[in-house]
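The values are calculated or read from the model by the stated rules, or taken from the named source; none is laboratory data. None of these values were measured; they are calculated from a predicted model. Every residue, glycine as well, gets a Cβ built from its backbone with ideal geometry; the counts of neighbours run over all protein chains shown.
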Amino acid sequence: MDVSTEHQELFMVLREIISNIKFILMAFYREHRARNRLCDRAQTSSSPAYTIKTKICKQIEHLHDLISVTDETCVKNLRMSRNAFGRLCFLLENVGGLSSNKNVQVSEQVAIFLSILAHHKKNCVVKHDFKRSGYTISAHFNNVLTALLKLHTLFLVKPAPIEDDCTNERWKWFKGCLGALDGTYIPLRVAQKDKGRYRNRKGDISTNVLAVCDTNMNFIYMLCGWEGSAADSRVLKDAITREHGFRIPEGNYYLCDSGYTNGEGFLAPYRGVRYHIQEWNSQRTPPQNAHELFNKVHARARNVIERSFALLKGRWSILRSNSFYPVKVQNRIIMACGLLHNYIRTEMPYDPLEAEIPEVDDQISDDHDIGYIDQAEPTQQWTTWRENLATNMFDEWRGNR
């Protein structure tokens with residue numbers, strides 16, 4: 001046999017052996033992959049996949065935990081009891097025009113809205129909590145906001161003046177008084193070019209909100225939208241001169257601080273005399289004259305508006321820091337928070353948050369024949385009336401000592 005022929009036969013044998021080895025290795029490899037697939041399928045079957053069915057279950061479970069477990073949980077998360085929440089949903093649906101769709105019921109829409117106001121959560125956080133898309137969260141937030149503002153005639157209260165036979169130590173001296181008013185700063189986010197106008201005297205970017213409340217801490221009127229740099233007196237003048245603005249019947253008045261003019265309809269304290277509550281609490285010296293006693297009694301009564309602000313901001317976290325909405329929407333949110341404040345005080349006989357607020361200082365009328373005050377200017381007649389009130393107050397106080 002030729003040598004070259006033997007080499008060819010040997011080469012063919014080796015090639016056949018190598019081919020068989022490759023076939024055996026490939027078979028082992030395929031068997032290994034098949035076993036791995038079986039193991040993966042077994043592990044997958046033990047933990048169910050996240051499907052639309054499991055998503056709906058989680059949505060229902062989260063909503064149930066918010067509004068159906070206990071009043072304590074509902075108040076903590078949505079700032080109102082379960083009964084108050086149910087009645088609010090009814091009003092928004094039947095009066096405000098809010099409607100359900102095939103995916104989101106009215107109760108869930110309202111829960112989303114209240115959760116954002118109460119905890120100031122971003123869209124990405126809320127959509128994770130409620131297992132909804134960011135578009136769904138944003139759309140329903142604006143729908144509920146629009147429906148809520150339609151209820152302003154129901155939630156804003158009509159004040160009742162202090163009667164002549166009032167025995168309340170805080171209010172008995174202020175016959176005909178309707179409540180108190182003041183301005184407060186609400187932080188907001190504005191464009192860089194507008195920051196100068198919205199920078200207040202403390203250096204913060206905010207809007208100056210005028211609020212008026214009655215003796216029971218219910219808001220009567222709110223004016224939102226003025227820049228933080230605007231003076232309180234300027235905002236008040238705008239409110240009383242608007243076509244459908246703030247109205248004060250002749251013969252009645254509101255308590256205000258020294259930042260406002262002491263004129264008809266607005267009773268301000270004496271300037272240059274100790275006034276604030278902490279000044280009286282830190283000093284045990286009793287009032288030395290009629291002006292000091294008047295300021296002390298005035299501060300104690302006007303404190304109702306400060307407590308209203310503290311309760312409003314304490315309940316809704318979105319009012320305590322810059323929100324993530326345009327200025328126009330932020331002003332609507334402030335008004336909505338004020339309406340919800342009134343609703344909660346009306347529907348909940350006991351508000352746990354109110355008990356935590358210390359004594360700090362910091363519907364269309366049909367009475368067309370009533371005259372209203374349309375200016376905030378000082379008058380000698382009003383100054384004399386305040387002086388007589390202070391003198392009478394001091395004489396009685398000194399006689400009872």
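Here are some notes:
- Selection from the stretch 117-135 of residues that are closer than 15 Å to residue 323 by Cβ and touching a Ser or Thr at 6+ places or on another chain (Cβ under 9 Å): 117, 118, 119, 120, 121, 123, 126
- Any hit, the stretch 95-102, residues being of a type outside the set (Phe, Trp, Tyr), farther than 18 Å from residue 121 by Cβ and crowded, with 18+ Cβ neighbours inside 10 Å: yes
- Odd one out for residue 96 among (1) part of a helix (DSSP H, G or I); (2) under 17 Å from residue 343 (Cα atoms): (1)
A quick yes/no check of all residues on (1) modelled with pLDDT of 90 or more; (2) at positive phi:
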site: 188; (1), (2): yes, no
site: 199; (1), (2): yes, no
site: 203; (1), (2): yes, yes
site: 213; (1), (2): yes, no
site: 238; (1), (2): yes, no
site: 261; (1), (2): no, no
site: 266; (1), (2): yes, no
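- Identity of the residue in the stretch 174-226, under 21 Å from residue 261 (Cα atoms) and aromatic (Phe, Trp, Tyr), that ends up surrounded by the fewest Cβ atoms within 10 Å (Cβ to Cβ): 185
- Residue match in the stretch 293-306 (condition: within 25 Å of residue 321 (Cα to Cα) and touching a Ser or Thr at 6+ places or on another chain (Cβ under 8 Å)): yes
- Test result for residue 314, in a loop (DSSP other than H, G, I, E, B) and either of a type in the set (Gly, Ala, Ser) or buried (at least 21 other Cβ atoms within 10 Å of the Cβ) (or both): no
- Exactly one residue out of 145, 156 is in contact with a strand residue (DSSP E or B) (Cβ under 9 Å, 6 or more places away or on another chain), of a type in the set (A, V, I, L, M) and within 18 Å of residue 335 (Cα to Cα), and it is 156.
- Filter pass, residue 200 being closer than 29 Å to residue 296 by Cβ, over 18 Å from the mean Cα position of the chain (by Cα) and assigned by TED's automatic domain parsing to the domain that holds residue 296: yes
- The residues on offer are 248, 344, and the sole one that is crowded, with 19+ Cβ neighbours inside 10 Å, in contact with a Gly (Cβ under 9 Å, 6 or more places away or on another chain), in the same structural domain as residue 195 (by TED's automatic domain parsing) and aliphatic (A, V, I, L, M) is 248.
- Unmet criterion (only one of (1) over 29 Å from residue 151 (Cβ atoms); (2) surrounded by 16 or more Cβ atoms within 10 Å (Cβ to Cβ); (3) not basic (Lys, Arg)) for residue 229: (2)
- Within the stretch 132-199, helices (runs of 4 or more DSSP H) holding 2 or more residues that are among the hydroxyl-bearing types (Ser, Thr, Tyr): 134-149
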